[in-house]
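Here's the structure we're looking at; comments come further down.
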Amino acid sequence: MLTMLEETVLLAVDENTGRLRSTTRFGTAYALGGALFFDLALAKKIDTGTWSIEVVDTAANTGNPAMDHFLGEISKRTDINSVRGWIEEAFGYKEYLEEEALRSLTARGILRHAKTKRLWVIDVERFPLVDSKKQLHVKLRLAEAILSDTIPATRDIMLVSLADACGLLGYILSAAEIASRRGRIQMLRQLETISREVTEAIADLDQHIKTAMNNAV
């Protein structure tokens with residue numbers, strides 16, 4: 001089974017260009033950080049209260065480099081204990097999280113690493129799809145979660161929350177479909193505590209960054 005981090009990258013990969021995309025400036029970066037914490041929660045390594053993250057199992061490694069790295073960081077650092085604080089910390093590691101997910105998906109034969117020259121000087125890296133069935137499977141799960149009236153699996157609820165908060169739903173459904181199912185999407189976003197906390201932390205961080213950028217102009 002793919003990790004949430006890997007599935008998020010598959011949602012963001014452009015089928016035509018092989019590059020990651022988002023409808024918002026930092027959407028993919030936020031999504032990668034959120035997916036990491038969902039992976040840790042699904043592995044029963046962390047739990048979230050109203051505001052804080054608690055490590056509940058450090059006994060064994062997950063075998064996933066990104067998850068193990070951040071689990072170790074959460075375990076040893078006492079200066080950050082809020083969901084918002086750790087989402088901001090994960091945002092600073094966005095390149096690392098992207099690289100780890102792309103490396104894993106390439107090793108699995110789902111993506112292919114391609115490098116071309118722009119203006120004969122600048123290397124441009126792309127990751128075109130090799131096995132499109134995996135990406136299609138993720139998209140169909142999300143479409144079914146939103147368009148049906150049944151309660152989806154927990155990981156699908158998390159992925160809907162993340163895709164909506166980070167501007168990725170538009171690559172799965174039309175604007176009309178999203179608008180007509182807005183109530184359903186909002187309901188799904190409220191079902192899981194960690195989904196609510198992570199997406200609220202992403203919204204808060206996004207507003208903070210936008211304010212800082214506007215003030216710097």
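Taken together, the values in this text are just the output of simple stated rules run on the coordinates, not laboratory data. Please read all numbers here as calculations on a predicted model, not as lab measurements. Counting neighbours? That spans all protein chains shown, and the Cβs are built from the backbone with ideal geometry, glycine included.
Here are a few things to note about the model shown:
- Taken one residue at a time, the phi angles of region 34-48 give Karplus couplings (6.51, -1.76, 1.60, θ = phi - 60°) of x, 4, 4, 6, 5, 4, 5, 5, 5, 7, 6, 9, 9, 9, 10 Hz. Gly and Pro are set to x.
- Judged by the mean number of other Cβ atoms found within 10 Å, the most tightly packed of the peptides 21-34, 198-211, 74-87, 171-184 leads the ranking 21-34, 198-211, 74-87, 171-184.
- Each Lys and Arg adds +1 at its Cβ and each Asp and Glu adds -1 at its Cβ; summed about the Cα centre, region 4-216 shows a dipole of about 700 debye.
- For region 140-217, the relative contact order comes to 32 percent (Cα pairs under 8 Å, sequence separation of at least 6).
- Here the chain is described by how far its Cα atoms reach on the three principal axes: 49, 45, 41 Å, from widest to narrowest.
- Short-range pairs are left out: with C-alpha atoms under 8 Å and at least six residues apart, the relative contact order of the chain is 27 percent.
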